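Single-structure report; data block below.
The values are calculated or read from the model by the stated rules, or taken from the named source; none is laboratory data. The structure presented is a predicted model; accordingly, all values stated were derived computationally and were not measured. A quick note on method: Cβ atoms are made from the backbone with ideal geometry, for glycine too, and the neighbour counts reach across all protein chains shown.
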Amino acid sequence: MEERFAKSAYHSFLLWGICSSFGVTVSTLIDAILVGNFVGSDGLAVTNLSTPVFLLYSLLGITVGTGANILTGRQLGEADVKQADRTFNAQISAGFLISILLMVCLVVFRNEICILLGARGELFYLANSYLFSVFFSAPIFVIYHIFALSVRTDGDPKLAAAAAATVIAVNLCLDFLFMLGFGMGIVGASLSLCIAETSGLVFC
């Protein structure tokens, strides 16, 4: 019976864990496709140049979240809910402080970072416009990854998957609204992604 339960739990968490990991990846892909169609090849180049920034957010969020949630999972397994709460609060605080420091560095050195990513000429202006909102949203992206891991540790992988689906749906709708409806171009793509990520965090 224990073996059957373990296998069932494993497959459940595996399935919904994979689904919940699609959020930012699919949203970034949607941005690339729609920006390529609505803004053009230069806009598509900018979304590609911005990929390392999103990977950095994922790295920080998953690193903090995975380490802390191993402890949280063990504490919940021992029915030590108070300590699990303290560990959860500690990881959120750590993630917030790290992401705030990162945000400040990214905003202060945004021109240099755009050049480092390979933006030159007209691409520099577009990259600066696209990444401005993304840089200011660093805490949202980092903490979203932490929360997505935390709700799975708390025994609700479907919630993390639903949050990822929310990110995708909101991003897709806002991309059409901002870029096609309001004609905001690359800035609209950036805002839609940041708002979508915020909605996923609120959902979690």
>> So, in segment 54-97, exactly how many residues are closer than 30 Å to residue 118 by Cα, surrounded by fewer than 20 Cβ atoms within 10 Å (Cβ to Cβ) and among the small types (Gly, Ala, Ser)?
In response: 1
> Quick check: anything in segment 91-107 out of contact with any Gly (no Cβ under 6 Å at 6 or more places or on another chain) and among the hydroxyl-bearing types (Ser, Thr, Tyr)?
Replying inline: yes
> residue 51 is checked against (1) surrounded by fewer than 17 Cβ atoms within 10 Å (Cβ to Cβ); (2) closer than 25 Å to residue 154 by Cβ; (3) at pLDDT below 90; (4) of a type in the set (Val, Ile, Thr) and fails just one. What number does that condition carry?
Replying inline: (2)
>> For segment 73-87, give me each residue that is of a type outside the set (D, E, K, R) and either touching a Leu at 6+ places or on another chain (Cβ under 9 Å) or at pLDDT 90 or above (or both).
In response: 75, 81, 83, 84, 87
> Just one of 174, 159, 123, 102 is in contact (Cβ under 8 Å) with a residue 12 or more places away in the chain, surrounded by fewer than 20 Cβ atoms within 10 Å (Cβ to Cβ), assigned to a helix (DSSP H, G or I) and more than 16 Å from the chain's Cα centre (by Cα); which is it?
Replying inline: 123
> Which one of the conditions (1) surrounded by fewer than 15 Cβ atoms within 10 Å (Cβ to Cβ); (2) in contact (Cβ under 8 Å) with a residue 24 or more places away in the chain does residue 130 fail to meet, given that it meets all the rest?
Replying inline: (1)
>> Can you go through 199, 190 and tell me which one is under 17 Å from residue 43 (Cβ atoms), in contact (Cβ under 8 Å) with a residue 12 or more places away in the chain and in a helix (DSSP H, G or I)?
In response: 190
> Given 63, 87, which one is over 28 Å from residue 32 (Cβ atoms), among the β-branched types (Val, Ile, Thr) and part of a helix (DSSP H, G or I)?
Replying inline: 87
